[in-house]
């Protein structure tokens, strides 16, 4: 793998991992590992596609999916990252699941669709679509069902730290 592709891979990692994280990871925990059964780079199309048992591991978050695709700009900056199939995002005591997660770097929006659900202990938020906005710290849930357990921290504990 050439140095150019390693830079692209690291760009994918640096954008994908903070999806649910609010605090930066300590410098010593900055290593990220992406595993998959197959990795295809298409330089003319500016895409990287990870297929089969995709796992992104970092000290802050773990992302699992059947497939993950990253789209890059002409300047090799990540623009869009999409995880598809059995998507699971784990951070501390929170877990988000869905069939499709799309993250736009420009808009800062993470959109979960396909039976999306965010769970922390007994608390659960689900709906037809859940949208997290990185820049203004907002969450929108369409067709929302929110289950809050007494003594669990309430709405804030479910969605943010």
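The values are calculated or read from the model by the stated rules, or taken from the named source; none is laboratory data. Bear in mind the structure is a predicted one, so any value in this text is a computation, not a measurement. Positions of Cβ are generated from backbone atoms using ideal geometry, with glycine treated the same way; all protein chains shown enter the neighbour counts.
Here are some notes:
- Listed by first and then second residue, the pairs with beta-carbon distance under 8 Å, at least 6 apart or on different chains, first residue in segment 128-147 and under 14 Å from residue 112 (Cβ atoms), second at pLDDT 95 or above and exposed (fewer than 11 other Cβ atoms within 10 Å of the Cβ), are 128/143; 129/143.
- Number of positions in segment 100-143 that are at pLDDT below 95 and part of a loop (DSSP other than H, G, I, E, B): 10
- Out of 87, 95, 111, sole residue that is closer than 20 Å to residue 51 by Cα, free of Cβ contacts under 8 Å to residues at least 60 places away in the same chain and out of contact with any helix residue (DSSP H, G or I) (no Cβ under 9 Å at 6 or more places or on another chain): 87
- 3 or more residues modelled with pLDDT of 90 or more, over 14 Å from the mean Cα position of the chain (by Cα) and over 19 Å from residue 103 (Cβ atoms): qualifying strands (runs of 3 or more DSSP E) within segment 1-90: 38-42
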